[in-house]
Amino acid sequence: MGETQSALSVACEQLRIAAEKLKLDPGIHEMLKHPRRSLIVSINVKMDNGNVCTFSGCRVQHNDARGPFKGGIRYHPNVSLDEVTALAMWMTWKCAVVDIPYGGAKGGVCCNPKEMSKAELERLTRRYTTLIFDIIGPYRDVPAPDVYTDAQTMAWIMDTYSQLKGYSVPECVTGKPISVGGSEGRAEATSLGVVVCAREAAKNLGLKLKGATVAVQGYGNVGWNAAKIAYDMGCKIVAVSDSTGGIYCEKGLNPYKIYQHKSKTGSVTNYEKCKNITNEELLETKCDILIPAALENQITKKNANKIKAKIVAEGANGPTTPEADKALHEKGILLVPDILANSGGVTASYYEWVQNLTREHWTVEEVNRKLEDKMVKAFNDVHKLAKKEKSDMRTAALMLGVGRVAEAIKTLGLWP
Ligand code: NAD
């Protein structure tokens, strides 16, 4: 959108703000600016027409002081090493904020999955897995889904990894289908966490969730499930969008029907009795809760002053730039930052990994109960710190996350 600030420069600026507030040791600050390891791979794929195409991919492992690297894999035409590095850094802080024993990583392949067949995507995924095989594994680095990858992609990764090992290793990846060791509740977990955070934020503002108006940008895994869960909790969904544009209806939308419409037509737009709007207009919609659930760099200094929501709950990673953060805070908008708001996904991934390692299968009620407790605690930890520091929620979440990682680094020491 309009002005573009690279995700990595945003992530480094956020780290700088946290480091300053924490009076972080400069050596540790420098260490945390850089990923531990970045592997760049060229993925040769035989396409359905017989031609061989080469795609560029990477896996970036930022920090593992608190536990194995953890993070999703993104397939998108704009994937770059810088973007994946920023996303890996955010994973490190996120796992620390929600206090699960993982570090941070991310993977990406520069491709357009919308123009590829399922068979081509399977060959791409399996080849990519073999290329990063040496650096992933249940105790090393555990991938998961992200933009334009899903449970099927994770099943192909699990199968490829297991074939190369010679035995089944479901714990090498999370976000799998339930039939091969996936967890109940994982598909909706990120969105449940986002809505629980929005609910806690609303409580703090004295706003009732029932009847609260909600706008959601992005109608993929996170956006559609967030709209559905918020609707089921009594919110009124007034606007939604995807990469093709958005729709607005003052009276409220039924997200289940919009999902069916998108499945049929490939887009949320042109829905009966709704006004078509742009993604820019969606962000500026008059509503109580705005949920950005698409990509980075959506709320910038250009449009921050036009945001009318009372609460912004970040489903996406990195949707708001530091300048926009400042503007929203000054306007009194309560922003629940990505590393807190969307941490439900990695938390449920952690529960999936624990179930795989212990060969257990928990009920959806058990997963959701644990998840909700964890999210409410993390929200309260961050909110309390924000009050104490008189800061916005992002700064407090970063202080909590970066502080916990720095503490682990200091305790482990440097070897050799
Ligand atoms: P997805 O591929 O399922 O959906 C992405 C959605 O964004 C699609 O509806 C797409 O049409 C829309 N989109 C793409 N470009 C857009 C644009 N320019 N404007 C508006 N909409 C656009 O991906 P997802 O898993 O839902 O991930 C969405 C965001 O949430 C990403 O930032 C991701 O990193 C973050 N996230 C995902 C998870 C997870 O568990 N899947 C967890 C934490 C964070």
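The values are calculated or read from the model by the stated rules, or taken from the named source; none is laboratory data. Just so you know, these numbers come straight off a predicted model, no measurement behind them. Ideal geometry is used to build each Cβ from the backbone, glycine not excepted, and the neighbour counts take in all protein chains shown. These area figures cover heavy atoms from the full protein model, side chains too; ligands, DNA and RNA do not enter into them. Shrake-Rupley method; radii C 1.70, N 1.55, O 1.52, S 1.80 Å.
Picking from residues in segment 382-416 that are closer than 30 Å to LEU205 by Cα and free of Cβ contacts under 8 Å to residues at least 40 places away in the same chain, the one that is surrounded by the most Cβ atoms within 10 Å (Cβ to Cβ) is ALA396. Candidates SER162, SER183: the one that is away from the ligand (no atom under 13 Å from the Cβ) and polar (S, T, N, Q) is SER162.
Filter segment 4-22 down to residues that are open to solvent by 40 Å² or more (accessible area, probe 1.4 Å) and either modelled with pLDDT of 95 or more or away from the ligand (no atom under 14 Å from the Cβ) (or both), then give me how many there are. The total comes to 10. Here LEU209 fulfils each of the conditions (1) modelled with pLDDT of 95 or more; (2) surrounded by fewer than 20 Cβ atoms within 10 Å (Cβ to Cβ) apart from (1).
Of the helices (runs of 4 or more DSSP H) lying entirely inside segment 327-395, those containing at least 3 residues that are more than 14 Å from the ligand (Cβ to nearest atom) are 344-358, 364-389. Among residues belonging to segment 129-151 that are part of a helix (DSSP H, G or I) and touching a Ser or Thr at 6+ places or on another chain (Cβ under 9 Å), point out the one that is surrounded by the most Cβ atoms within 10 Å (Cβ to Cβ). So the residue we want is THR129. Looking across segment 166-193 at every residue that is out of contact with any helix residue (DSSP H, G or I) (no Cβ under 8 Å at 6 or more places or on another chain) and assigned to a helix (DSSP H, G or I), the one that is surrounded by the fewest Cβ atoms within 10 Å (Cβ to Cβ) is identified as SER179.
Within segment 230-248, being open to solvent by 20 Å² or more (accessible area, probe 1.4 Å) and out of contact with any strand residue (DSSP E or B) (no Cβ under 8 Å at 6 or more places or on another chain) holds for ASP232, MET233, GLY234, SER243, THR244.
Screening segment 281-303 for residues that are within 21 Å of the chain's Cα centre (by Cα) and not in a loop (DSSP other than H, G, I, E, B) and picking the one that is surrounded by the fewest Cβ atoms within 10 Å (Cβ to Cβ) gives LEU282. Give the number of residues within segment 36-63 that are farther than 15 Å from ARG127 by Cα and open to solvent by 60 Å² or more (accessible area, probe 1.4 Å). Residues meeting the conditions: 5. Here LYS262 passes the criteria (1) more than 21 Å from the chain's Cα centre (by Cα); (2) more than 11 Å from the ligand (Cβ to nearest atom); (3) surrounded by 15 or more Cβ atoms within 10 Å (Cβ to Cβ) except the one numbered (2).
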